[in-house]
Structures are given as C-alpha cells and as structure tokens.
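Report on one structure; see the data block that follows.
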Amino acid sequence: MQMRVGFFVTCLVDTMRPRIGFAAIRLLETAGCEVVVPARQTCCGQPGFNSGDRKSARTMALKFLAEFEAFDYVVLPSGSCAGMIRVHYPDLFRDDPALHQRFAALAQRTHELTDFLVNVARLGKAPGNFRGTLTYHDSCSGLRELDVYKQPRALLATMPGVTLNEMVESTTCCGFGGTFSVKYGELSTRMADNKCKHITEAHANTIVGGDLGCLLNIEGRLRRKGDHRTRVLHVAEVLADVEPDATG
Amino acid sequence: MKNTSVDFKNQVTIKLADAKLQDALSRLQSRFVEGRSAVISEIHDLQETRDAAAGIRDRVLNDLEHWLLQFEQQATARGAIVHWAESGEDVNRIVAGIAAQHGVKTASKSKSMVSEECGLNDALEQAGVKVMETDLGEYILQLAHEAPSHIVAPVVHKNKEEISDLFAEKHQLPRKTGIAELCREAREVLRPAFLNAEMGISGGNFLVAETGSVLIVTNEGNGRLVTTLPRVHVAITGIEKVVPTLEDVSTLLRLLPRSATGQSITNYVSVLTGNKAKEDHEGPEHFHIILLDNGRSKLIGGEMQEMLRCIRCGACMNHCPVYQNIGGHAYGWVYPGPMGSILTPLLGGIEKSPDLPNASTFCGACSAVCPVKIPLPDLLRKLRVKQLENGMKSRQETFMLRAWAWLSLHPAIYALATRATARLLRLLGGRDKLLHILPGASGWTDGRDLPAPAGQTFREMYQQGKRK
C-alpha cells in the first residue's frame, strides 16, 4: 500500500528557498509515496523553544499534531526541525500522559528527509543526474539528535556523476545556531570561517548539507569572502537535481 | 574568584582578535579531541559504561546527605578531620585557621579548581601564608598572575614562547626554549618548595564514602609530594564529589582520563585515607578535608541536578566550538565551556551571567562526549527558560518571540507576512541576489551576505500548482 506522507516544508525553506521543497517532494514521489502538504503549516516552534519560550512551543506543537497526526509518516527537509518533533515535542508534554503518548507516536513516524528515504522508503537510487565534486556538512541536530550521517552519503553514492570529497571536521558546527548567529554574530562568523576553510581545502565545487539554516550561514560567509563559485546546495536539490533557478 | 561573566560579549571580541590565544587554541583539536577519540574506543562497552557512570553519580545525588555523612564518618574514623563550608569565604577562613593552629608559614599546593572558586591563594597570602602552586600549569599562572583558562589544562591559552619569556623574567635565568629544559627549570625551582612546605593543599577528584578516602587523579607527581611530605594536608573539594565505593571509582576512572586528556590511565591515582598512623613512615600528621557547598546543595532535587554529575574532565569544553574559538577566560569565572556556562549562572546567580546560557548553538558536541551523560544543551535551554520567565531577556527579543509565536499560530496572516518577506528580501538582494545589510540583524550581515530568496514562498507556489 502506498505510504501517505505529510510533508512539512519548514519555515526557512518556505520563505528562503522553495525549490528545496519541490526537490524533496520529487524524491518522496520517486520513492513511491503519496505526498500531502497541509496548507496551514507554519513553523515547528524551534526558534522560540530554543530561546526559552516553552509555552509557545507547546501551542505550536499542538498545532503541528492536529495537522500531521493523521499521516502514515511526516517528513521534513531539515534535521533540526525533525529533531524538534522527534526529540523535543514529546519532552514538552511529559506532564500530560495522553498527549505525551500521542507525541511519542508522532515522533516515531517523523523523519528527516534522507533518513526517511533510506530507512523507511528504501529508495534504491537517487533520481537526479547531478554531476560534480561535493563535500558534505553534517548539521548538528540531524547528526546528534537523529543519527543522520550515513543516510545522505548512501543516497549520494547512488549517483554516478557525484564524487564526494570529505572535508575535515565535517561534524563540527558551522556557527549558525538560529538566533545565536544574530546575537553573537562575530563568534558565529568565526565558526563559519573555520567551516569555509575546511570546505575550500576539500577541493569540491559544491558544499551540500541537509539544513538550510546552516547552508545560508555557510553560503553567506563564502560570498562575503568573495567566493562566488562554490555552489551551496541542499542535499534534496542534488538528489533530485532540480535545476537551480528553474523556480528561483 | 570574582565573577566577570557579564562582560562575556566584549571578551569574545577581544579573544577572537588575540593572535597568540588563537594560535594556542588551534592545538586543542589534535591534543584533546583527537586524543580522546584515539583511546575512548578502548572501552568496548562505552555506552553502557557511560550509563553506569551516570547511574553512580545519580545514585549519590539522589541521596547526597546519606553518602556525605557516611564519608564523614569513615574519614573521621581513620583520623581525618572533616569541615563543612557553605561558602568560599568559609573555606578560606577554615584553611587560614588550620594554618594558624599549626604555625604554618608556607604551603605547597596541587591543582584545585574549587580553591579557585574561593580565591584561596589571595586569602592565605593575606593571612601571612606563602602559597606555592606546584602543578606546572598552575605554577606558570601564579607567576603570570593569571587565572586558569581550562579546568584540566589551566595554561592552554599560552604558547611555549610566552612561557619561555615568563620564566626568564621571573626566575632571572637564561631564557630556555625547549620544553624539557623549561620543565627542568620549573622542577628545580619547585623542589625546595615541596621540601619546605609545612602544609600541603590539594583538591579531590572523588570522595569515597565506604573508606573515607580522598582520591586525586594527576599526571605530574606534584600531587603526591603535596599530600604526603608536609605535616598538614588540607584537601578541598565540592560536596558533590562523593561516590559510594572504590568499585564505583574504578568505573569512573575508566572514563575520566580518556575523556579528559586522551590517556587510558593517568600517571598517578592517589587514594588518600586518614592521617599518618603510628606504624606509618610517611604521610601527614594532620589530614583536613574541607567540603564546599557554595550553592551546590540548592540544585539537589531540582531540574538542574544533573549538572552535579560532572566529574570535571573538560571534554565538553575541548569539543565545544565556542570554547575552541575564544578560550576559557572569556567566560569570566572559574569554569569555562558548556559546563561553566551552566555552573557559573547556577552558583553565581543567573542575573550575573546574561550571556552564558545563550552563547551556544546547541550543537550537542558537549553532551555527545560527556562521560556522565549530562544533557548540557537541555540544561542551557532550561536557563534560557528561567531568563525569559524572570524578564531577563531584552524587550526586543521578548517581543520578537511573542510576535513569531502569534504569527505561527495564525496561518493566513503568516502566509501574507512570509510572502511579503520573500518579496522584500528578493528586492533588497538586488542584482547579485545577496543582502549585504539586514536591518535588525546586523550581527548576521556584519560578516555574511544573506543569499536572497526566490521571491515567492513554497506554499504559495505549491498552491498555484507549480511542481518543479
């Protein structure tokens, strides 16, 4: 039976780079899923939650539950938003056994995109024809909250045109950290600098990752330092090979 | 030690521009991160061992009074004298009192971060006791009149050249440049201090309840000299350091040196039990153990109790990308890095450290390596909750949080707002599709150009049936 997947695009992809959302849908459909995009979705609540606003985070979690509970699976093109739902939503409702159980069940069915494609949908081969030499940045929440490390690499390895040059310290934070990057801009920029140095040393023409926040941070620093050549792409864009600029 | 963590942001700017510091910090990765990684895999059941270690610490913390009283009873039965200190000043007063009682004029000291909490050295100097730090790193800092910047490697912020200069100036000897020569010179200066000291002061990594022992874990051998040569030994540590049995210590010792310095085992593990008995040839005649609270007990039973599991290995700071870029002094008190960003506000007052809970990306590298599985990002987040609840966040941030939450709960207005934002940012991005400045987020655009968005939101395009 076809899996019915609720797709949560994430606030950042929604506003900043919609093509990642379309690439993700293409991948999910290639894997044989029926993809539904609930129209009233907004933000998972992570920015407020991480700033100490538990109350709003709970309200937003309830909204999410109402919109996504009915699906077989929930998929997000972001490790940090998926981590919010899988790890932190249930934790927010520890004091309410009935809700906690529902959130725990939702968490079980919620996946970061590449994790879903590899471990649930068993996508054998990425549909894109991307050609290039890549290096991969492992975003923190996906890596440490959801154990996303092998999944994107497994999918990229199915693409004949892709060469992966691993950078050193690929699992070190790029310095984004949501509001951290605004509050402690100087420190965040230094961390991004370190990341950019490792990217450059990897001799790749494209830096790929699974979280748009980190990618904007990295791209932002590369461009400011005058690197306008290195491409910065979400892993979904590479796997689906949606031409950049086709939809902006 | 004075808490200056309120100045964190300014310190970040200073430390990022400090070339010598940056050079010294660049060695953290190979020395500590790769060092740990090379030996931690020797523990074939690492996750189970971490669980066991966390379990030992939790068992103690859930019944701290019981274990402390057992420790006191056992230590006293073996001839030690246990003192309870509520504050750092109490510690200083007790140590000065012991010194006066025994006519002590000179003391040798091995490394103790708890004594840094108290500002013990200054207090003893004022009481007329000359204190000599004998841990090489601490000795260097005493010469330089600086505070430790790391709990295990206190002088990690200095490079070899700085130490060569310092020794030449303070020792009035020809400048040496080799590490072995520098160490020999320090040894020669320190040797008389060991022999002449009338009192030895040490810390304590663990307190063993079943035997009343103070256990110290060291590498340099100075700890042995400090705790056995002088006729008085004073061990100072925090009340949370107690563990039930030596068996428990052995579990924790599998993790501590590997996590701390990338060593399978340290050069010395000293189990100090009681004072010198009649039949003993050596050891201190008087053994005092001072147990400091300084705010720890009020964490027991609360949502921050897990912080007290800490066994002071330093792995969290070694692996922290914030610490790696600014070093320990920027944090403004005794304990730096992730554990310090939690302990400083908890022990020193949350209102005095507005930045520390926020200066983290929640990358999670710290909790991933913590040998006793302290959920450091979760604890930092809880401090942020407290800040918000107590009105300690800026009005602008509080407003933004409320506005974002409100918007997210009103999808139709959210859709309009995001559409407007996407269009505006695209416009501002101009021809090169990059935003060089962003009003209200200069922290971001001071060092980065924000790639401009497409101009339409995903949801908008999806509803219009664009499927590319």
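Out of the residues in the stretch A:63-98 that are free of Cβ contacts under 8 Å to residues at least 24 places away in the same chain and assigned to a helix (DSSP H, G or I), state the one that is farthest from the other protein chains (Cβ to nearest Cβ).
If we take residues in the stretch A:63-98 being free of Cβ contacts under 8 Å to residues at least 24 places away in the same chain and assigned to a helix (DSSP H, G or I), then A:Ala98 is farthest from the other protein chains (Cβ to nearest Cβ).
Tell me whether the stretch B:321-343 contains one or more residues that are more than 12 Å from every other protein chain (Cβ to nearest Cβ), crowded, with 19+ Cβ neighbours inside 10 Å, in contact with a Pro (Cβ under 7 Å, 6 or more places away or on another chain) and of a type in the set (S, T, N, Q).
Within the stretch B:321-343, one or more residues are more than 12 Å from every other protein chain (Cβ to nearest Cβ), crowded, with 19+ Cβ neighbours inside 10 Å, in contact with a Pro (Cβ under 7 Å, 6 or more places away or on another chain) and of a type in the set (S, T, N, Q).
Run down B:Arg381, B:Arg395 and say which single residue is within 27 Å of A:Thr172 (Cβ to Cβ) and either surrounded by fewer than 19 Cβ atoms within 10 Å (Cβ to Cβ) or more than 15 Å from the chain's Cα centre (by Cα) (or both).
Result: B:Arg381 is the single residue among B:Arg381, B:Arg395 that is within 27 Å of A:Thr172 (Cβ to Cβ) and either surrounded by fewer than 19 Cβ atoms within 10 Å (Cβ to Cβ) or more than 15 Å from the chain's Cα centre (by Cα) (or both).
Could you check B:Asp355 against (1) touching a residue at least 60 places away in the same chain (Cβ under 8 Å); (2) more than 11 Å from chain A (Cβ to nearest Cβ); (3) part of a loop (DSSP other than H, G, I, E, B) and say which number it fails?
Evaluating B:Asp355 over (1) touching a residue at least 60 places away in the same chain (Cβ under 8 Å); (2) more than 11 Å from chain A (Cβ to nearest Cβ); (3) part of a loop (DSSP other than H, G, I, E, B) leaves (2) as the failure.
Yes/no per residue for (1) surrounded by 24 or more Cβ atoms within 10 Å (Cβ to Cβ); (2) more than 20 Å from B:His286 (Cβ to Cβ); (3) in contact with a Pro (Cβ under 7 Å, 6 or more places away or on another chain); (4) aromatic (Phe, Trp, Tyr):
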residue: B:Gln172; (1), (2), (3), (4): no, yes, no, no
residue: B:Glu181; (1), (2), (3), (4): no, yes, no, no
residue: B:Arg187; (1), (2), (3), (4): no, yes, no, no
residue: B:Arg191; (1), (2), (3), (4): no, yes, no, no
residue: B:Glu198; (1), (2), (3), (4): no, no, yes, no
residue: B:Ile216; (1), (2), (3), (4): yes, no, no, no
residue: B:Glu220; (1), (2), (3), (4): no, yes, no, no
residue: B:Arg224; (1), (2), (3), (4): no, no, no, no
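Name the helices (runs of 4 or more DSSP H) wholly within the stretch B:83-178 that hold at least 3 residues that are under 30 Å from B:Arg27 (Cβ atoms) and among the acidic types (Asp, Glu)?
B:160-171
Looking at B:Ala415, B:Ala403, can you tell me which residue is more than 7 Å from chain A (Cβ to nearest Cβ) and surrounded by fewer than 17 Cβ atoms within 10 Å (Cβ to Cβ)?
Selected residue: B:Ala403, the only one of B:Ala415, B:Ala403 that is more than 7 Å from chain A (Cβ to nearest Cβ) and surrounded by fewer than 17 Cβ atoms within 10 Å (Cβ to Cβ).
Provide a single number: the residues in the stretch B:368-377 that are crowded, with 18+ Cβ neighbours inside 10 Å and under 15 Å from B:Leu346 (Cβ atoms).
Here the count works out to 2.
Applying the selection to the stretch A:22-38, what residues are surrounded by 18 or more Cβ atoms within 10 Å (Cβ to Cβ), without any contact (Cβ under 8 Å) to a residue 60 or more places away in the chain and at the interface with chain B (Cβ under 10 Å from one of its Cβ atoms)?
Those that are surrounded by 18 or more Cβ atoms within 10 Å (Cβ to Cβ), without any contact (Cβ under 8 Å) to a residue 60 or more places away in the chain and at the interface with chain B (Cβ under 10 Å from one of its Cβ atoms): A:Ile25, A:Pro38.
For a quick check of your reading of the model, give me the residue pairs whose first member lies in the stretch B:432-452 and is acidic (Asp, Glu), whose second is part of a loop (DSSP other than H, G, I, E, B) and surrounded by fewer than 21 Cβ atoms within 10 Å (Cβ to Cβ), with beta-carbon atoms closer than 8 Å and at least 6 apart or on different chains.
So the pair list comes out as B:Asp449/B:His436.
Name the single residue, out of those in the stretch A:41-62 being within 24 Å of B:Cys363 (Cβ to Cβ) and outside any helix (DSSP H, G or I), that is farthest from the other protein chains (Cβ to nearest Cβ).
So the residue we want is A:Cys44.
With respect to A:Gly210, is the statement that it is under 21 Å from the mean Cα position of the chain (by Cα), more than 20 Å from B:Leu435 (Cα to Cα) and at pLDDT 95 or above true? Quick ask: steps written out before the conclusion?
Numbers: under 21 Å from the mean Cα position of the chain (by Cα): yes; more than 20 Å from B:Leu435 (Cα to Cα): yes; at pLDDT 95 or above: yes.
Yes.
The values are calculated or read from the model by the stated rules, or taken from the named source; none is laboratory data. Note that the coordinates shown come from a computational prediction; the quantities given were computed from them, not determined experimentally. So basically every Cβ, Gly included, is an ideal-geometry build from the backbone, and we count neighbours across all protein chains shown.
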